[in-house]
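J.: Quick one: this structure, given as structure tokens, is what I'll be asking you about.
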Amino acid sequence: MRRFEGNVAIVTGASRGIGRGIALRLADEGAKVVINHRGSAAGAEATAEEIRSRGGQALVIQADVSQYDEAQRLVQETLAAFGQVDVLVNNAGLTRDTLIMMMKEEQWDAVIDTNLKSVFNCCKAVARPMVKRKRGRIVNISSVSGLAGQAGQTNYAASKSAVIGFSKSLAKELGSRNITVNVVAPGFVPTALTEGILSEGDNTQRAIEATPLGRLGTAEDVAAAVAFLASDEASFITGQVLSVDGGLVMQ
């Protein structure tokens with residue numbers, strides 16, 4: 001199935017993990033994919049080469065999307081290369097987990113800037129070109145922590161919960177221009193981002209036991225949900241949160 005033939009997709013934080021999985025899935029379905037990274041050039045190039053080896057088109061653009069000007073540049077370089085942006089997936093994220101009594105202000109700011117401000121920056125950058133074409137799909141990556149909270153993650157949970165509220169508001173702003181805005185909230189997926197949580201003690205087994213489907217998620221699980229929400233099959237779905245968590249958090 002090639003639902004994105006002729007489409008151009010930007011995936012932030014696509015050098016590894018879930019972002020890489022999303023980029024590969026969209027490319028496999030025909031999209032020209034812009035792989036954004038902040039500092040993982042080797043990983044981003046590896047993702048691009050994998051796409052090209054499968055017969056797809058990929059462009060690597062380095063940009064720190066937590067910075068407004070950098071996010072603008074990412075979109076402008078995409079438009080210069082491909083002439084349009086059909087899909088934006090805001091996946092860039094980081095954690096700085098610790099209990100609030102020990103949390104430093106810079107740990108709070110770093111997470112909010114990367115996980116939340118980057119979503120504002122990139123959405124603002126693509127809004128005008130999408131409105132001009134009267135078509136667009138925005139999928140923002142949140143987390144079960146944004147739905148249910150997690151001890152030691154007040155900064156991360158705050159950022160991911162805010163992404164949900166932001167997305168619902170933006171969906172109402174852009175809906176009349178045929179632009180949908182949705183959220184995917186992954187559960188426990190083994191990536192570099194969750195390594196610290198899952199590697200401690202028997203946390204992996206506990207996560208599996210807490211998940212009704214009895215396993216951890218994969219990047220491919222999340223990518224399948226993103227591809228659906230970014231496709232024309234989801235053209236009448238906007239402002240929604242799709243949890244991809246094996247039933248961990250049931251809304």
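No lab work stands behind these numbers, since they all come straight from the coordinates. What you are looking at is a predicted structure, and each value in this text was computed from that prediction instead of being measured. FYI the Cβ positions are ideal-geometry reconstructions off the backbone, even for glycines, and counts take in every protein chain you see.
J.: For the chain, what is the mean residue ellipticity at 222 nm derived from helices alone (per DSSP H run of n ≥ 4: -39500 (n - 2.57); sum divided by total residues; nearest 500 deg cm²/dmol)?
T.: Counting only the DSSP helices, I get -14000 deg cm²/dmol.
J.: In terms of modelled amide H atoms, which long-range or inter-chain residues lie less than 5 Å from the amide H of LEU59?
T.: Counting only residues 5 or more places away or on other chains, the set is VAL33, VAL34, ILE35.
J.: Still on this model: For GLN107, what charge total do you get from the other residues with a beta carbon under 13 Å from its beta carbon, if Lys and Arg give +1 and Asp and Glu give -1?
T.: Cβ neighbours under 13 Å give a net charge of -3.
J.: Could you state the orientation-averaged shadow area of the convex hull built on the Cα atoms of the stretch 27-73, in nm² to one decimal?
T.: 3.3
J.: Here's something else I'd like to know. Name the residues whose placed amide hydrogens come within less than 5 Å of the amide hydrogen of LEU242, ignoring near sequence neighbours (fewer than 5 apart) on the same chain.
T.: Long-range HN contacts for LEU242: VAL183, VAL184, ALA185.
J.: How much net charge surrounds ALA230 when only the other residues with a Cβ under 11 Å from the Cβ of ALA230 are counted, with Lys and Arg +1 and Asp and Glu -1?
T.: Local charge sum for ALA230: -1.
J.: Related question: Give the lysines reachable from LYS160 as a straight Cα distance under 20 Å; neighbours fewer than 8 places away on the same chain don't count.
T.: Within the straight-line limit of under 20 Å, LYS160 reaches these lysines: LYS104, LYS117, LYS124, LYS168, LYS172.
J.: Net charge within 13 Å of SER159 by Cβ-Cβ distance, Lys/Arg positive one each and Asp/Glu negative one each, not counting SER159 itself?
T.: Result for the neighbourhood of SER159: 0.
J.: Related question: Per q in 0.08, 0.11 Å⁻¹, report the Debye log10 I(q)/I(0) for the chain, using one uniform scatterer on each alpha carbon and no solvent.
T.: Scattering profile of the chain, log10 relative to I(0): -0.28, -0.53.
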